[in-house]
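To start, the structure itself, in structure tokens.
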Amino acid sequence: MTLALVLTQTEESMPRTPPKASSAEASPAGSPHKESAVTIAKLLSGEDPAAAEVKPAAEKVTPPRDNGALPDAGVTTGGGGSVGSKRWLLGGGVPDKVRRRELRRAELGFRVSAAVFCLISLAVMAADTTPGWSGDSFRRYNEYRYVLAASVVAFTYSGFHLVDEVHHLVTRRHIIRAPLRSYFNLAMDQILAYLLLSASSAALSRNDVWISRFGGDQFTKLVNASASMAFLAFIALGLSSIISTYCVFSSVSLA
């Protein structure tokens, strides 16, 4: 009992400690304790306190919507160039107008080359009649006549296309209308290209056998020249058939 009274008097004699305020009032926003706690938390999370204080909050920027359409040609970019100058890259290649013009030029060039090579081939083979061994002639050999016939057919076909081109320049229309024209060109280019290839290879093989047995003379030289021109015509028509294939499978009209 005495001990309880002594403790009671001691507590009354000691000054009372003021009650603790709430955490928000006891530690104001700028107090050293809170700043130390925030710094420790950022260090533990891997952030740089100095960078976090200096770097302002980034504003949210709404990304531009991509609707799949190209900008106008007159709009300029920040790099100093115009958007129109990059249309070839963004559009996936050369424009259709430029592509059609270049394909028409290439096709015309290949057909003119094929016509020239076929004309030389048939002229040389037709002249190969009297020179050589006992007045030998190309008419006696099927391989040489095959070259002459293939050259005549290919020259006629290439000449038809040249006439069609002149007709298109005058009337702005082709003799054979699209899309039948594309299929016709593809079929004839393929057929005549393989025809010239087989004819030239057969003539050169036959001539090689002739030279190995009896030796070469003026007759064999003319045969080699004619067959070589037929082979060059095959290359020209083969390249033209590539353009014809592209026109058929991509539905691009060269008109």
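Listed by first and then second residue, the pairs linking a residue in segment 205-218 that is at negative phi and exposed (fewer than 13 other Cβ atoms within 10 Å of the Cβ) to a residue that is part of a helix (DSSP H, G or I) and not aromatic (Phe, Trp, Tyr), with Cβ atoms under 8 Å apart and 6 or more places separating them unless they lie on different chains, are 205/143.
Residue pairs whose Cβ atoms lie under 9 Å apart, separated by 6 or more positions or on different chains, with the first residue in segment 135-146 and within 15 Å of residue 224 (Cα to Cα) and without any contact (Cβ under 8 Å) to a residue 40 or more places away in the chain and the second of a type in the set (S, T, N, Q) and not in a helix (DSSP H, G or I), are 137/129; 137/130. Apart from one condition, residue 156 fits all of (1) β-branched (Val, Ile, Thr); (2) out of contact with any helix residue (DSSP H, G or I) (no Cβ under 7 Å at 6 or more places or on another chain); (3) buried (at least 16 other Cβ atoms within 10 Å of the Cβ); the exception is (3). Any chance segment 161-168 includes a residue that's out of contact with any strand residue (DSSP E or B) (no Cβ under 7 Å at 6 or more places or on another chain), surrounded by 15 or more Cβ atoms within 10 Å (Cβ to Cβ), part of a helix (DSSP H, G or I) and of a type in the set (A, V, I, L, M, F, W, C)? No, that holds for no residue. Among the residues making up segment 87-116, a single one is modelled with pLDDT under 80, aliphatic (A, V, I, L, M) and surrounded by 12 or more Cβ atoms within 10 Å (Cβ to Cβ): 94.
The values are calculated or read from the model by the stated rules, or taken from the named source; none is laboratory data. On a predicted model such as this, the values are computed, not experimentally measured, just so you know. All Cβ positions, even for glycine, are placed from backbone atoms using ideal geometry, and neighbour counts span all protein chains on display.
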